[in-house]
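Have a look at the structure below, then the notes.
The values are calculated or read from the model by the stated rules, or taken from the named source; none is laboratory data. Worth saying up front: this structure is predicted, and the values here are computed from it rather than measured. Positions of Cβ are backbone-derived with ideal geometry, glycine not excepted, and every protein chain shown enters the neighbour counts. Accessible surface is based on the protein model in full, side chains and every heavy atom, while ligands, DNA and RNA are left aside. Shrake-Rupley method; radii C 1.70, N 1.55, O 1.52, S 1.80 Å.
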Amino acid sequence: MPRPLVTVIGAGNVGATTAQRIAEAGLADVILVDIVEGLPQGKALDLAEAAPVVGHDMRITGTNEYADTAGSDVIVVTSGLARQPGMSRDDLMTKNAGIVRSVVKQAVAHSPEAILIIVTNPLDAMCHVALEASGFPPSRVIGMAGILDSARFRSFIAQELGVSVTSTNAFVLGGHGDTMVPLPRYSTVGGVPITELLSAERIAALVDRTRNGGAEVVALLKTGSAFYAPAASVAQMVDAIINDRGTILPCAALLNGEFGVTGLFVGVPVKLGRKGIERIVEIELSDEERKAFDHSTDAVRELVATLARLAS
Ligand code: APR
């Protein structure tokens, strides 16, 4: 049987690091694609030359041609522009929507059965663009956000309690922005909810840091945004899909009545396997959690409406 094949579009920080993680974990052969000539080829060559030292036999290639990506099992979309000085949020959204639309159309033409993982920001809006551009069923268009946001929350919880990150679990739902909804009640250490282990005040501080997790990294880096944790999060999704694990992970999924929402991509727990999203897992929300979730959903709805207005 041929090895699984993953195409990663965008050979920038997130894309190249994702390619590295997928290959070095032995998950799949990887094709890196970028609009810049030489960039994906150079990074792929460098990654391939690390393989003998790391000890894996995955093939990593770079290209500017979508024909080379034919038959991919998973397509990861990280291509986009970072916000430039003087560029408004709306400008950025229009530009990235154009990029995501174009790369998705080209890629799915050669891999009609693939599963799409969207990473480009603003995430929730870009998922809508990808769904429309691909014509794929919603089960095969998945946004990466919740794993990253939850990983940030988990790392802060572990630091706070001085325990291994591997003993922590967390769920962050809703849109991928300031309104995201970390759920302390469903966030545990060794199976015990953190609401039993930490004061309300400390939890509020960790929740706040989680909401600003992306901005905290940007402020330190000065140029560019986070890429190690985003790439690790994508690799976990690829692993769940390629190995048909049925892992329950928070991802952006198109809701069809679940959580009382229809026709919007929102971060929710899903079961990920070879067919993509195999189930959306509905969990009980308290009144307060529900309010925060609705507020976040409203923000996503507004984002998508802005995108539609800008496109018309
Ligand atoms: N086709 C292919 N590649 C493109 C296109 C296009 N039309 N337009 C831009 N790119 C490529 C750029 O050439 C660049 O190499 O996308 C890459 C983006 O890489 P970076 O600028 O390093 O950005 P990165 O940090 O990887 O973030 C990518 O992921 O987390 C999100 O907010 C982040 O939207 C951003 C995306």
Look at the stretch 241-251 and say how many of its residues are in a helix (DSSP H, G or I) and either surrounded by 24 or more Cβ atoms within 10 Å (Cβ to Cβ) or within 15 Å of the ligand (Cβ to nearest atom) (or both).
1
Among Arg101, Arg83, the single one that is open to solvent by 10 Å² or more (accessible area, probe 1.4 Å), within 13 Å of the ligand (Cβ to nearest atom) and touching a Lys or Arg at 6+ places or on another chain (Cβ under 8 Å) is Arg83
Filtering the stretch 150-181 down to residues that are touching a Phe, Trp or Tyr at 6+ places or on another chain (Cβ under 9 Å) and not hydroxyl-bearing (Ser, Thr, Tyr) yields Phe153, Asn169, Ala170, Phe171, Val172, Leu173, Gly174, Gly175, Val181
Here the residues within the stretch 5-27 that are away from the ligand (no atom under 14 Å from the Cβ) and either within 22 Å of Arg101 (Cα to Cα) or in a helix (DSSP H, G or I) (or both) are Leu5, Val6, Ile22, Ala23, Glu24
Filter the stretch 154-178 down to residues that are touching a residue at least 60 places away in the same chain (Cβ under 8 Å) and open to solvent by less than 30 Å² (accessible area, probe 1.4 Å), then give me how many there are.
5
Within the stretch 255-308, residues in contact with a helix residue (DSSP H, G or I) (Cβ under 9 Å, 6 or more places away or on another chain), open to solvent by 80 Å² or more (accessible area, probe 1.4 Å) and either over 22 Å from Ser187 (Cβ atoms) or of a type in the set (A, V, I, L, M) (or both) come out as Asn256, Arg274, Lys275
Any chance you could count how many residues in the stretch 194-226 are open to solvent by 40 Å² or more (accessible area, probe 1.4 Å), closer than 19 Å to Val165 by Cα and not in a helix (DSSP H, G or I)?
1
Residue count for the stretch 6-27, restricted to those that are open to solvent by 20 Å² or more (accessible area, probe 1.4 Å) and either outside the structural domain of Gly42 (by TED's automatic domain parsing) or within 12 Å of Phe227 (Cβ to Cβ) (or both)
5
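Quick check on this structure: which one of Val36, Val53, Val30 is surrounded by fewer than 16 Cβ atoms within 10 Å (Cβ to Cβ) and outside any helix (DSSP H, G or I)? Give the derivation first.
On the way: Val53 fails: outside any helix (DSSP H, G or I); Val30 fails: surrounded by fewer than 16 Cβ atoms within 10 Å (Cβ to Cβ).
Matching residue, one of Val36, Val53, Val30: Val36.
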